[in-house]
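The values are calculated or read from the model by the stated rules, or taken from the named source; none is laboratory data. Quick caveat, the model's predicted, so the values are computed rather than measured. Cβ: placed from backbone, ideal geometry, glycine included. Neighbour counts: every protein chain shown.
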2 protein chains.
Amino acid sequence: MQPVAVIGIGQTRIDEHWEVSLRDLAVEAVLAALHDAGWESADALYVGNMLSPLVSSQNHLGALVADWAGLKNIEAAKIEAACGSGAAAFRAGLMAVASGEATSALAVGVEKMTDKAGRDVTAALATAADADYEVEQGVSFVGLNALIMRRYMHEYGWKPADFAAFSINAHANAIHNPFARLRQKITLDDYGKAPMVATPINLLDASPVGDGAAAALIVPVDAAPRDGRPLVTVTGSAAATDTIAIHSRRQPLFLEAAHTSARQAYAQAGVGPEDIDLFELHDAFSIMTALSLEACGFAERGQGPRLGLDGAITPRGRLPVCTRGGLKARGHPVGATGMYQIVEVVQQLRGECGPTQVAEARIGLAQNIGGSGASIITHILKRD
Amino acid sequence: MQPVAVIGIGQTRIDEHWEVSLRDLAVEAVLAALHDAGWESADALYVGNMLSPLVSSQNHLGALVADWAGLKNIEAAKIEAACGSGAAAFRAGLMAVASGEATSALAVGVEKMTDKAGRDVTAALATAADADYEVEQGVSFVGLNALIMRRYMHEYGWKPADFAAFSINAHANAIHNPFARLRQKITLDDYGKAPMVATPINLLDASPVGDGAAAALIVPVDAAPRDGRPLVTVTGSAAATDTIAIHSRRQPLFLEAAHTSARQAYAQAGVGPEDIDLFELHDAFSIMTALSLEACGFAERGQGPRLGLDGAITPRGRLPVCTRGGLKARGHPVGATGMYQIVEVVQQLRGECGPTQVAEARIGLAQNIGGSGASIITHILKRD
């Protein structure tokens with residue numbers, strides 16, 4: 001891979017932004033990323049988004065965001081891979097720069113979810129699954145994840161409370177992230193009392209929706225300014241797919257596409273799981289944390305929850321995850337999430353994370369999942 | 001640009017495919033492209049599509065199509081740039097290969113439009129425009145084009161009938177294209193009697209919707225088989241944007257993004273308008289044919305219709321356009337159209353076009369437009 005660097009990052013707070021439109025959120029993050037780098041524009045813009053046609057009656061976000069950000073006449077397109085859209089947009093920007101078709105590229109993930117009623121958003125999110133063979137049967141997206149979690153518990157003998165540590169860690173970290181949606185501590189007792197959403201997934205297993213945008217500016221390493229700040233480069237980038245429907249998978253409890261894309265990214269970067277200093281993973285539901293840890297080589301199959309129970313995942317542990325709150329507490333504006341992960345890894349590698357800073361973080365992993373594991377994009381970033 | 005070749009193409013007939021689903025259309029085109037090349041699979045798949053969330057309640061087409069085409073675990077994503085989605089997907093595939101991130105990439109454009117009632121499709125198409133500042137005023141997509149055509153006629157003194165030659169040529173060519181939707185001849189008299197859609201755009205100025213898919217397989221030139229067939233390479237590829245809303249443009253009658261992307265593609269390919277043997281342009285409405293010819297350097301501003309009136313655009317003329325029927329008569333399944341254009345240019349460069357074959361075609365231009373000119377992607381292909 002032609003080496004590229006991330007020289008600017010920007011993000012909005014995740015919230016119910018009633019007074020801010022979809023385009024304004026994206027523009028705020030894009031301009032923040034340019035400002036962070038001290039750049040004026042870029043050759044290309046890739047917008048990661050999933051729901052704008054359904055929630056905002058708006059397609060064509062590439063041109064829209066480029067226009068409203070004042071980036072006249074640049075190349076722009078939208079990239080969609082369900083909840084993996086953010087990282088897919090980042091990877092598109094990386095390929096534009098690595099191919100020499102662009103000398104710089106912005107990637108922005110943006111989602112506006114709270115303009116519609118809850119049941120409309122639930123229906124919109126279900127478009128990530130197989131419309132004809134899953135959704136047609138009446139199963140929602142949380143329902144699909146509940147089926148996976150139930151089977152996992154049955155297969156490996158875990159209780160719901162064994163997953164609580166994932167959510168407790170995410171919330172503890174979000175308190176220190178000014179961009180996070182849920183900046184409040186939760187306890188094991190809270191988890192035990194949380195109302196059920198789709199058994200066995202309770203409210204504290206599930207990430208909240210939200211409105212937000214996050215962006216990054218990508219350039220060839222040679223073009224990165226040497227301004228005294230740590231230089232953050234992308235040393236691994238890979239994407240893989242699995243069957244769209246869970247029922248088609250031979251191993252529904254193994255994230256094949258996470259495994260494949262992580263293996264490719266490790267190989268590109270010349271590192272292994274033991275070299276990773278922090279992991280921004282896709283904890284849309286706590287079961288996904290367990291499966292991600294297993295697929296990426298941090299736990300044996302069926303043993304993901306152990307890393308929560310033994311404290312490995314906290315900022316002082318041996319594999320910090322969700323250091324800025326993760327999807328669970330930072331929030332999950334679906335098409336934006338992958339870009340929040342990239343931005344957060346850059347913040348860690350720069351040493352900008354205050355109380356949840358991982359000591360001497362040098363190599364960070366970010367993994368974004370679309371659907372119930374059908375599209376998974378893995379990135380490895382490194383501080384030079 | 002790292003040189004790439006198109007070694008396989010595939011397409012479905014454009015029609016009202018009541019009995020075929022969105023995924024089946026895409027799979028048919030993808031497998032046809034692989035079969036045409038004699039390949040089994042590819043590293044990556046980019047799906048160009050605009051309307052699937054709105055018409056088919058389905059997002060996540062990258063993983064869906066990869067899965068159903070049997071392309072297990074490959075990278076996949078959807079690319080959207082309104083009606084420019086097809087060429088944007090092709091360009092994504094090109095960048096994946098040119099960056100070395102993929103050793104081969106499939107691009108497929110697919111759209112299923114006829115499952116919904118006409119007014120729902122009209123509303124869905126309007127998501128290509130500015131939802132908050134154009135559509136909110138009640139203007140449809142054809143209405144926006146009608147405003148442009150009316151102003152153009154006022155400014156340059158043309159009558160509606162002066163645009164008829166564009167549609168007559170498109171229909172005459174479609175008769176010989178087995179994949180075209182409207183394989184019937186039309187006359188100047190038919191044009192004069194055509195019912196009005198949005199004055200001054202009549203039914204024969206407007207391209208029909210349809211269901212269809214078209215695909216291509218892209219590899220590095222070095223990897224292209226030398227099997228005796230003409231080798232088709234991509235020598236120019238560029239994309240540019242303009243304001244999302246027409247009212248924001250200083251020159252609403254000039255396609256700035258077409259001009260910019262064509263200029264960049266010409267420069268990459270080392271050619272000029274005088275070297276182009278055929279031009280698959282984006283005749284969604286006949287006014288767009290005139291504006292495309294002007295923006296790409298084939299006519300002075302305001303003089304596009306002259307190329308129709310003097311016969312330059314027919315297969316035997318000096319600049320054949322819409323040689324397989326164009327959007328007007330081949331049909332315009334919006335997110336698929338850009339890939340139909342690429343496939344048709346390849347067919348011309350291979351000499352596979354029968355009665356509408358352009359003699360000794362060596363360099364072909366394809367240009368795909370999203371929205372009312374906000375996203376425009378230009379490709380130049382060459383027979384070695």
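Can you confirm whether the stretch A:145-166 contains a residue that is touching a His at 6+ places or on another chain (Cβ under 8 Å) and farther than 27 Å from residue A:34 by Cα? Spell out how you get there, then give the answer.
Of all residues in the stretch A:145-166, those touching a His at 6+ places or on another chain (Cβ under 8 Å) come to none.
Checking the stretch A:145-166: not a single residue is touching a His at 6+ places or on another chain (Cβ under 8 Å) and farther than 27 Å from residue A:34 by Cα.
Do we have residue B:255 as surrounded by 22 or more Cβ atoms within 10 Å (Cβ to Cβ), within 20 Å of residue B:191 (Cβ to Cβ), modelled with pLDDT of 95 or more and not assigned by TED's automatic domain parsing to the domain that holds residue B:45 here?
Details: surrounded by 22 or more Cβ atoms within 10 Å (Cβ to Cβ): yes; within 20 Å of residue B:191 (Cβ to Cβ): no; modelled with pLDDT of 95 or more: yes; not assigned by TED's automatic domain parsing to the domain that holds residue B:45: yes.
It is false that residue B:255 is surrounded by 22 or more Cβ atoms within 10 Å (Cβ to Cβ), within 20 Å of residue B:191 (Cβ to Cβ), modelled with pLDDT of 95 or more and not assigned by TED's automatic domain parsing to the domain that holds residue B:45.
Suppose the filter is facing chain A (nearest Cβ under 8 Å), at pLDDT 95 or above and at negative phi; does residue B:64 pass it? Taking the combined requirement at face value, the residue satisfies it. When you look at residue A:8, is it at pLDDT 95 or above and at positive phi, yes or no? Spelling it out, it is not the case that residue A:8 is at pLDDT 95 or above and at positive phi.
Results for (1) over 22 Å from the mean Cα position of the chain (by Cα); (2) farther than 18 Å from residue A:346 by Cα, shown as yes or no for each residue.
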{"position": "A:162", "(1), (2)": "yes, yes"}
{"position": "A:172", "(1), (2)": "no, yes"}
{"position": "A:180", "(1), (2)": "no, no"}
{"position": "A:207", "(1), (2)": "no, yes"}
{"position": "A:215", "(1), (2)": "no, no"}
{"position": "A:220", "(1), (2)": "yes, no"}
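Would you mind stating whether residue B:129 is in the same structural domain as residue B:25 (by TED's automatic domain parsing) and modelled with pLDDT of 95 or more? The answer is no for residue B:129.
Looking only at residues that are assigned to a strand (DSSP E or B) and not β-branched (Val, Ile, Thr) in the stretch A:35-71, which one is farthest from residue B:127 (Cα to Cα)?
Start the filter on the stretch A:35-71 by keeping residues that are assigned to a strand (DSSP E or B), which leaves A:44-48.
Next cut, not β-branched (Val, Ile, Thr) only: A:44-46, A:48.
Working: A:44: 22, A:45: 19, A:46: 18, A:48: 17 Å.
Only one residue tops the list, namely A:44.
When the stretch B:73-98 is limited to residues that are in contact (Cβ under 8 Å) with a residue 12 or more places away in the chain and over 27 Å from residue B:282 (Cβ atoms), the one that is surrounded by the fewest Cβ atoms within 10 Å (Cβ to Cβ) turns out to be B:74. Among the residues examined, residue A:21 does not qualify as closer than 17 Å to residue A:90 by Cα and surrounded by fewer than 19 Cβ atoms within 10 Å (Cβ to Cβ). Exactly one residue among A:132, A:115 is without any contact (Cβ under 8 Å) to a residue 12 or more places away in the chain, more than 15 Å from residue A:305 (Cβ to Cβ) and not in a helix (DSSP H, G or I), and that residue is A:132.
The number of residues in the stretch A:29-61 being within 9 Å of chain B (Cβ to nearest Cβ), farther than 15 Å from residue A:74 by Cα and aliphatic (A, V, I, L, M) comes to 3.
Residues in the stretch B:331-384 that are modelled with pLDDT of 95 or more and of a type in the set (D, E, K, R): B:344, B:350, B:352, B:360, B:362, B:382, B:383.
Here A:180, A:170, A:146 are screened, and the one residue that is in the same structural domain as residue A:284 (by TED's automatic domain parsing), within 14 Å of residue A:207 (Cα to Cα) and in contact with a strand residue (DSSP E or B) (Cβ under 6 Å, 6 or more places away or on another chain) is A:146. Answer yes or no as to whether residue A:26 is assigned to a loop (DSSP other than H, G, I, E, B), surrounded by 24 or more Cβ atoms within 10 Å (Cβ to Cβ) and more than 9 Å from chain B (Cβ to nearest Cβ). No, not satisfied.
For the stretch A:50-68, taking the residues that are free of Cβ contacts under 8 Å to residues at least 40 places away in the same chain and farther than 15 Å from residue B:88 by Cβ, the one that is surrounded by the fewest Cβ atoms within 10 Å (Cβ to Cβ) is identified as A:57.
Among residues belonging to the stretch B:244-266 that are hydrophobic (A, V, I, L, M, F, W, C) and part of a loop (DSSP other than H, G, I, E, B), point out the one that is nearest to the other protein chains (Cβ to nearest Cβ). So the residue we want is B:244.
Residue-by-condition table, conditions (1) surrounded by fewer than 24 Cβ atoms within 10 Å (Cβ to Cβ); (2) touching a Phe, Trp or Tyr at 6+ places or on another chain (Cβ under 8 Å); (3) within 14 Å of another protein chain (Cβ to nearest Cβ):
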{"residue": "B:290", "(1), (2), (3)": "no, yes, no"}
{"residue": "B:300", "(1), (2), (3)": "yes, no, no"}
{"residue": "B:306", "(1), (2), (3)": "yes, no, no"}
{"residue": "B:345", "(1), (2), (3)": "no, no, no"}
{"residue": "B:348", "(1), (2), (3)": "no, no, no"}
{"residue": "B:367", "(1), (2), (3)": "no, yes, no"}
{"residue": "B:383", "(1), (2), (3)": "yes, no, no"}
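Checked against the criteria, residue A:203 counts as under 30 Å from residue A:116 (Cβ atoms), surrounded by fewer than 16 Cβ atoms within 10 Å (Cβ to Cβ) and either hydroxyl-bearing (Ser, Thr, Tyr) or away from every other protein chain (no Cβ under 14 Å) (or both). Considering only residues in the stretch A:94-110 that are away from chain B (no Cβ under 12 Å) and either closer than 18 Å to residue A:9 by Cβ or small (Gly, Ala, Ser) (or both), the one that is nearest to the chain's Cα centre (by Cα) turns out to be A:109.
The set of residues from the stretch A:3-18 being more than 14 Å from chain B (Cβ to nearest Cβ) and either within 21 Å of residue A:95 (Cα to Cα) or part of a helix (DSSP H, G or I) (or both) comprises A:5, A:6, A:7, A:8, A:9, A:10.
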